[in-house]
Amino acid sequence: MKQATQRPASTKILLSLAAAVLVSVVASCGGRLIPEIDTPKPQETFLRLDATSFDQLPGWKGDSLSQALAVFLRSCEKIKTLPPDRGLGPSSEMGRVSEWIKFCASAALIRPGNETEARYFFESRFTPYLARNNKMPWAPKSRGLFTGYYEPELHGAWKPDTTYRYPIYARPKDLVSFDLGDFRDEFKGWQLAGQLKGNKFRPYPTRADIESGVLKGQQLELLWVDSAIDAFFLHVQGSGRVMFEDGSMIRVGYAGRNGRRYTPIGRELVAKGIIPQKKVSLQSIRQWLAANPIAGRQLMEKNKSYIFFRLIEGDGPIGAQGVVLTAGRSLAVDRKYIPLGVPVWLNTLQPGKSKTPLRRLVLAQDTGSAIQGPVRGDLFFGFGNDAGIGAGLMRENGTYYLLLPRKDSP
């Protein structure tokens with residue numbers, strides 16, 4: 001008999017909460033619910049915030065804050081829809097939504113492009129906090145990893161043929177997902193996804209299951225593309241543009257995921273000694289997949305996470321906050337630590353060999369399965385080949401500072 005192990009207290013609470021939520025989801029089905037789910041790991045890293053001043057921010061005087069203000073106003077449109085009496089994030093320093101709504105009203109009065117007014121707005125209403133990973137309280141780390149992502153271009157058709165053979169799926173009706181933070185503040189950022197089978201909540205099929213045809217016959221195919229590799233990287237990026245032979249274009253954006261754990265295939269190639277760590281990039285991974293189609297498919301299937309999409313009309317791409325992303329100004333973060341809509345002073349390096357500083361004010365407007373930890377960011381580079389090259393090469397260490405409400409702000 002296998003010896004039982006005691007779960008950490010946080011995991012016990014999480015399991016209890018998940019079970020309670022699932023009971024409410026399937027209450028109409030009757031019967032006893034036995035939750036069978038992939039629960040998140042206990043929180044092993046912690047966010048520490050150390051207050052500082054704008055004079056201490058590297059490169060603060062050199063950025064165009066009026067550009068950042070325009071991006072902040074996009075986030076405001078979503079912040080204003082939140083309950084005013086709730087906290088914006090998991091820590092008291094992040095303030096209440098009512099404070100942010102007041103800031104948003106002030107920001108809307110600033111004349112577009114006015115640098116002096118934009119700078120006064122940020123400096124008079126916010127205090128910068130250096131973010132640290134407090135996993136080891138005696139040696140908190142302020143440096144973390146910053147990567148990049150972009151909006152790729154794919155080639156597709158509305159109907160399949162011998163060229164366009166790889167489907168892009170819409171969100172299945174039996175996919176159930178929920179944010180545990182809607183039920184308990186301490187679990188903000190925790191999400192679960194799966195499917196209901198009878199009175200049981202079960203893990204959703206994996207990437208290998210789906211690509212083997214488990215969803216066929218459900219009329220979920222939005223369109224078809226001509227490359228399995230391009231489809232895979234569309235899943236990694238979360239959104240893209242699909243070009244048709246007649247010259248027309250449609251955007252597809254994130255609509256949900258199967259809830260399975262994300263596995264970076266670049267890490268797998270490094271572990272096997274196929275690509276050296278220093279040479280891992282989107283481009284080098286793509287080249288290896290194209291040169292090794294059979295092994296490449298097996299490698300892609302190791303990433304069990306699968307993304308579902310929706311058609312987007314108008315501007316895009318749309319981030320997790322529900323706003324249009326801005327190239328060079330939108331940052332994907334880990335929502336367990338950083339709330340969406342917060343201004344972040346980014347201090348890292350441009351991708352490539354130049355080691356030019358990349359210092360600017362960005363907005364936390366997106367998230368991603370691979371973005372995990374208190375000091376971790378994924379910068380949106382925009383659309384096209386140049387954006388893809390920059391995003392693919394972006395893998396730099398750096399720091400960031402959260403701009404949070406001043407206690408004596410006007």
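The values are calculated or read from the model by the stated rules, or taken from the named source; none is laboratory data. If you're wondering where the values come from, they're calculated on a predicted model, not measured in any experiment. With ideal geometry, Cβ positions are generated from the backbone for all residues, glycine too; neighbour counts draw on all protein chains shown.
Mind listing just one residue for me: the one in the range 49-76 that is of a type in the set (D, E, K, R) and over 19 Å from S409 (Cα atoms) and, of those, surrounded by the fewest Cβ atoms within 10 Å (Cβ to Cβ)?
Selected residue: K61.
Checking the condition crowded, with 18+ Cβ neighbours inside 10 Å, over 22 Å from the mean Cα position of the chain (by Cα) and touching a residue at least 60 places away in the same chain (Cβ under 8 Å), which residue from G296, G240 passes?
Numbers: G240 fails: over 22 Å from the mean Cα position of the chain (by Cα).
Unique residue meeting the criteria: G296.
Which of the following residues is crowded, with 16+ Cβ neighbours inside 10 Å, in a helix (DSSP H, G or I), among the aliphatic types (A, V, I, L, M) and over 22 Å from the mean Cα position of the chain (by Cα): A105, A118? I'd like the intermediate steps shown before the answer.
Working: A105 fails: crowded, with 16+ Cβ neighbours inside 10 Å.
That would be A118, the only listed residue that is crowded, with 16+ Cβ neighbours inside 10 Å, in a helix (DSSP H, G or I), among the aliphatic types (A, V, I, L, M) and over 22 Å from the mean Cα position of the chain (by Cα).
Check Q283 against each of (1) assigned to a helix (DSSP H, G or I); (2) more than 24 Å from L325 (Cβ to Cβ); (3) not hydrophobic (A, V, I, L, M, F, W, C) and name the one condition it does not meet.
So the condition that Q283 fails would be (2).
So which of P160, P167, P203 is in contact with a strand residue (DSSP E or B) (Cβ under 7 Å, 6 or more places away or on another chain) and at pLDDT below 95? Walk me through how you get there before you give the answer.
Details: P160 fails: at pLDDT below 95; P167 fails: at pLDDT below 95.
P203 is the lone residue from the list that is in contact with a strand residue (DSSP E or B) (Cβ under 7 Å, 6 or more places away or on another chain) and at pLDDT below 95.
Being basic (K, R), modelled with pLDDT of 95 or more, under 15 Å from G148 (Cβ atoms) and assigned to a loop (DSSP other than H, G, I, E, B), is that true of even one residue in the range 358-372?
Step one: filter the range 358-372 for residues basic (K, R), giving 359-360.
Cutting the leftovers down to modelled with pLDDT of 95 or more gives us 359-360.
If we keep only those that are under 15 Å from G148 (Cβ atoms) as well, we get 360.
From what is left, the residues that are assigned to a loop (DSSP other than H, G, I, E, B) are none.
No, the range 358-372 contains no residue that is basic (K, R), modelled with pLDDT of 95 or more, under 15 Å from G148 (Cβ atoms) and assigned to a loop (DSSP other than H, G, I, E, B).
Can you tell me which residue within the range 129-152, out of those that are of a type in the set (D, E, K, R) and more than 20 Å from Q237 (Cα to Cα), is surrounded by the most Cβ atoms within 10 Å (Cβ to Cβ)? Let's see the steps before the verdict.
We begin by selecting, within the range 129-152, every residue of a type in the set (D, E, K, R); these are 132, 135, 141, 143, 151.
Pick out the ones that are also more than 20 Å from Q237 (Cα to Cα) and you get 132, 135, 141, 143.
Details: R132: 21, K135: 15, K141: 17, R143: 14.
Here the answer is R132.
Looking only at the range 215-227, decide whether some residue is among the polar types (S, T, N, Q) and loosely packed, with under 15 Cβ neighbours inside 10 Å. Please lay out each step first, then the result.
So the first thing to find is which residues in the range 215-227 are among the polar types (S, T, N, Q), and the list is 218-219, 227.
Applying the additional criterion that residues be loosely packed, with under 15 Cβ neighbours inside 10 Å yields 218-219.
Scanning the range 215-227 turns up at least one residue that is among the polar types (S, T, N, Q) and loosely packed, with under 15 Cβ neighbours inside 10 Å.
Taking I285 as the residue in question, decide whether it is of a type in the set (V, I, T) and farther than 30 Å from I250 by Cβ. Steps first, please.
Working: of a type in the set (V, I, T): yes; farther than 30 Å from I250 by Cβ: no.
Judged against the criteria, I285 is not a match.
Identify the single condition in (1) in contact with a Phe, Trp or Tyr (Cβ under 9 Å, 6 or more places away or on another chain); (2) more than 30 Å from M94 (Cβ to Cβ) that G198 does not satisfy, given that it satisfies every other one.
Failing condition for G198: (1).
Considering every residue within the range 267-278, establish whether at least one is part of a helix (DSSP H, G or I) and touching a Phe, Trp or Tyr at 6+ places or on another chain (Cβ under 7 Å). If you could, list the steps in order and put the result at the bottom.
Initial filter on the range 267-278 (part of a helix (DSSP H, G or I)): 267-271, 277-278.
Now restrict to residues that are touching a Phe, Trp or Tyr at 6+ places or on another chain (Cβ under 7 Å): 269.
Yes - at least one qualifying residue is present in the range 267-278.
From (1) of a type in the set (A, V, I, L, M); (2) in a loop (DSSP other than H, G, I, E, B); (3) touching an Asp or Glu at 6+ places or on another chain (Cβ under 9 Å), pick out the condition that doesn't hold for L130.
Unmet condition: (2).
Restricting attention to the range 243-261, which residues are part of a loop (DSSP other than H, G, I, E, B), surrounded by fewer than 17 Cβ atoms within 10 Å (Cβ to Cβ) and in contact (Cβ under 8 Å) with a residue 24 or more places away in the chain? So that I can check it myself, show each step before the final result.
Our first condition is that a residue be part of a loop (DSSP other than H, G, I, E, B); within the range 243-261, this holds for 244-248, 258-261.
Subsequent filtering for residues that are surrounded by fewer than 17 Cβ atoms within 10 Å (Cβ to Cβ) retains 244-248, 261.
Passing the criteria: F244, E245, R261.
Before we move on, is T356 of a type in the set (S, T, N, Q) and surrounded by fewer than 19 Cβ atoms within 10 Å (Cβ to Cβ)? Explain how you work it out, then say what you get.
Details: of a type in the set (S, T, N, Q): yes; surrounded by fewer than 19 Cβ atoms within 10 Å (Cβ to Cβ): yes.
When the stated conditions are applied, T356 passes them.
Kindly indicate whether any position in the range 218-229 is more than 30 Å from N292 (Cα to Cα) and not in a helix (DSSP H, G or I).
Start the filter on the range 218-229 by keeping residues that are more than 30 Å from N292 (Cα to Cα), which leaves 218-219.
From what's left, not in a helix (DSSP H, G or I): 218-219.
Yes, the range 218-229 has at least one match.
If K200 meets every condition in (1) among the basic types (K, R); (2) over 19 Å from the mean Cα position of the chain (by Cα); (3) surrounded by fewer than 15 Cβ atoms within 10 Å (Cβ to Cβ) apart from one, which number is that one?
Status for K200: all satisfied but (3).
Got a sec? Which of R119, R48, R74 is of a type in the set (D, E, K, R) and at pLDDT below 95?
On the way: R119 fails: at pLDDT below 95; R74 fails: at pLDDT below 95.
One residue alone meets the criteria, R48.
Taking A208 as the residue in question, decide whether it is surrounded by fewer than 17 Cβ atoms within 10 Å (Cβ to Cβ), among the small types (G, A, S) and in contact (Cβ under 8 Å) with a residue 60 or more places away in the chain.
On the way: surrounded by fewer than 17 Cβ atoms within 10 Å (Cβ to Cβ): yes; among the small types (G, A, S): yes; in contact (Cβ under 8 Å) with a residue 60 or more places away in the chain: yes.
Yes; evaluated as a whole, the condition is true for this residue.
Residue under question is I79, and the condition is that it be among the β-branched types (V, I, T), modelled with pLDDT of 95 or more and surrounded by fewer than 18 Cβ atoms within 10 Å (Cβ to Cβ); does it hold? Even if it seems obvious, please write down each step before you answer.
On the way: among the β-branched types (V, I, T): yes; modelled with pLDDT of 95 or more: yes; surrounded by fewer than 18 Cβ atoms within 10 Å (Cβ to Cβ): no.
Taking the combined requirement at face value, the residue does not satisfy it.
Given the conditions (1) out of contact with any helix residue (DSSP H, G or I) (no Cβ under 9 Å at 6 or more places or on another chain); (2) under 24 Å from A139 (Cβ atoms), which single one is not true for P90?
(1) is the only condition that P90 fails.
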